[in-house]
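Below is one structure; the comments refer to it alone.
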Amino acid sequence: MTLPPGKIPVDILKEVVFKNLGAKRDEIIIGPSSGIDCAVIDVGSKSLVVSMDPITGALEIVGYLAVNVNANDIATFGCQPLFLVSCILLPEKAEKKAVEIISSQMNEAAKDLGIAIIGGHCETTPGLSHPIVVGCMIGITEKGKYVTAAGAKPGDLLILTKSVGIEGTAILATDRQAQLKRVLGSRLLENAKDFYKQISVVKDAITAFKTGGVHAMHDPTEGGVAGAVHEMADASKLGVRISEDKIRVQPETLRICQAYDIDPLELIASGSLLVAADPDFADRIIENLRRDKIDAEIIGKFLSSPEKRLIARKKGKVEKLQRPVTDQLWQALERGKTVQNR
């Protein structure tokens, strides 16, 4: 069986990966599970929240993304990210300048979030065509004071911050700018390249969590918002219905997706946050997010039946919410110079 690009399919995780997890430890409160991005380890009166993510599809902003994407996972538990261990893998014949660029990006992003880079590894690796950075992020919280993606309840309202496809927009605009300039024009392209500045959800998640009424949070990465909605529903063993007309797609994202003929709901979406909220708290959460200049909207509702995963289209038709097979970023990158002026 040939695997698709990006994340390993959930069924293979369950059949293979989750059955090979080494020794069991009593300190592990939350271990590997579908839709759960962090482990939780109890140490005395504290809980360590730990996550790992690689940056594989980006070129120019790989260091910046490595810090922010890993920090986002920790923040979705309502926990402040504090420490980062990184592994920088470079193509053969990479030069010192590549190390300087990646390291300086990581330094700047980490300082902005109050994160200490505490160690890691850096090497040139045979067979690579571009740099890959793997990060392991750690946060510390009071024992039990966190939420996971598995905590959504039937009737919870689903809030989305910002918009879809933020990370994918930034990556494609940066790494395919020569192609996209013809389609977007200079001004829109520069706006799209700046989407990387929206990729952190640390402020989104901490603001929502502190407001109260948050039962679960999840940040959409590979598979986009559509994939993340499924992951949240999987983890919580629920169904969900979302409304297409409530989901914000920024003009730059829409134009890029049209150019590559890809679905913005399935485009890698670090920068947005999904929040499952008690209906009595949802408006207050949105109000506090907007006070912090973070756009937010109720896009759906969790249902008691896990089989019901639905999307109400703009024209009123209700369809099954498709689970992405792979992220649309890979499809766009594979098309090379076949961009269409739509």
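In table form, for the structure just shown:
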{"read-out": "Full-extension gain in nm, Arg335 to Lys203, via 0.36 nm per residue minus C-alpha separation", "value": "44.0 nm"}
{"read-out": "Burial ordering of Met232, Met1, fewest other beta-carbon atoms within 10 Å first", "value": "Met1, Met232"}
{"read-out": "Amide H contacts under 5 Å for Gly120, placed H, 5+ residues apart", "value": "Ser86"}
{"read-out": "Selected from Met106, Ala150, Ile199, residue furthest toward positive end of dipole (the range 92-244; charges at beta carbon)", "value": "Ile199"}
{"read-out": "Charge context of Ile30, other residues only, Cβ under 14 angstrom, K/R +1, D/E -1", "value": "-1"}
{"read-out": "R0 of 51 Å, Cβ-Cβ distance Ser305-Leu59: FRET efficiency to nearest 0.05", "value": "0.75"}
{"read-out": "Residue-averaged [θ]222 nm for the chain, counting only DSSP H segments that reach four residues, each worth -39500 (n - 2.57)", "value": "-10000 deg cm²/dmol"}
{"read-out": "Integer Hz, Karplus 6.51/-1.76/1.60 couplings in order for the range 12-21, x for Gly and Pro", "value": "6, 4, 5, 6, 10, 5, 6, 9, 10, 10"}
{"read-out": "Hull-based mean projected area of the chain, where the convex hull spans the alpha carbons, in square nanometres", "value": "18.1 nm²"}
{"read-out": "Percentage relative contact order, the range 12-99, counting C-alpha pairs under 8 Å, at least six apart", "value": "16 percent"}
{"read-out": "Sequence-distant residues sharing a close amide H with Ile30 (under 5 Å, placed H)", "value": "Val40"}
{"read-out": "Label point distance in nm, Glu319-Lys46, each placed 7 Å from Cα along Cα→Cβ", "value": "4.8 nm"}
{"read-out": "Sorted by Cβ neighbour density within 10 Å, fewest at the top, the residues Val183, Val10, Val318", "value": "Val318, Val10, Val183"}
{"read-out": "Mean-position separation - Cα centroids, the range 37-66 and the range 157-172, in angstrom", "value": "19 Å"}
{"read-out": "Calculated FRET efficiency for the pair Asp261/Leu21, C-beta based, R₀ 35 Å, to 0.05", "value": "0.30"}
{"read-out": "Within the chain, longest stretch clear of exposed GluC sites (Glu not before Pro) (DSSP loop, no more than 11 other Cβ within 10 Å)", "value": "96-306"}
{"read-out": "Derived scalar couplings ³J(HN,Hα) [the range 129-135; Karplus, 6.51 cos²θ - 1.76 cosθ + 1.60; whole Hz; x for Gly, Pro]", "value": "9, 7, x, 10, 10, 10, x"}
{"read-out": "The range 1-100: trypsin sites (Lys or Arg not before Pro) falling in loop per DSSP and having at most 11 other Cβ within 10 Å", "value": "Lys24, Arg25, Lys93"}
{"read-out": "FRET E, pair His130, Ser104, Förster distance 22 Å, beta-carbon r, rounded to 0.05", "value": "0.80"}
{"read-out": "Neighbourhood charge, 15 Å Cβ-Cβ cut-off, centred on Ile286 and excluding it, Lys, Arg +1 and Asp, Glu -1", "value": "+1"}
{"read-out": "Shape of the range 112-215, Cα gyration tensor, a/c cut at 1.5", "value": "oblate"}
{"read-out": "Fewest-first sequence of Thr124, Thr161, Thr76 by Cβ atoms within 10 Å of each Cβ", "value": "Thr124, Thr161, Thr76"}
{"read-out": "Euclidean distance between Cα centres, the range 116-132 to the range 179-206, Å", "value": "25 Å"}
{"read-out": "Helix runs (DSSP H) in the chain reaching 15 Å along axis by Cα, Kyte-Doolittle at least -0.5", "value": "62-75, 96-113, 224-236"}
{"read-out": "Simple Cβ-charge dipole of the range 25-142, Lys/Arg +1 and Asp/Glu -1, about Cα centre, in debye nearest 20", "value": "200 debye"}
{"read-out": "Spherically averaged projected area in nm², based on the convex hull that wraps the Cα atoms of the range 1-156", "value": "11.6 nm²"}
{"read-out": "Rounded to whole Hz, the Karplus (6.51, -1.76, 1.60) HN-Hα couplings of the range 308-316, x for glycine and proline", "value": "8, 10, 10, 9, 8, 6, 4, 8, x"}
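The numbers here are math on the coordinates, done by the rules we state, and not lab data. From a predicted model like this one, the values you see are computed outputs, not experimental measurements. Virtual Cβ from ideal backbone geometry, glycine too; neighbours counted across all protein chains shown.
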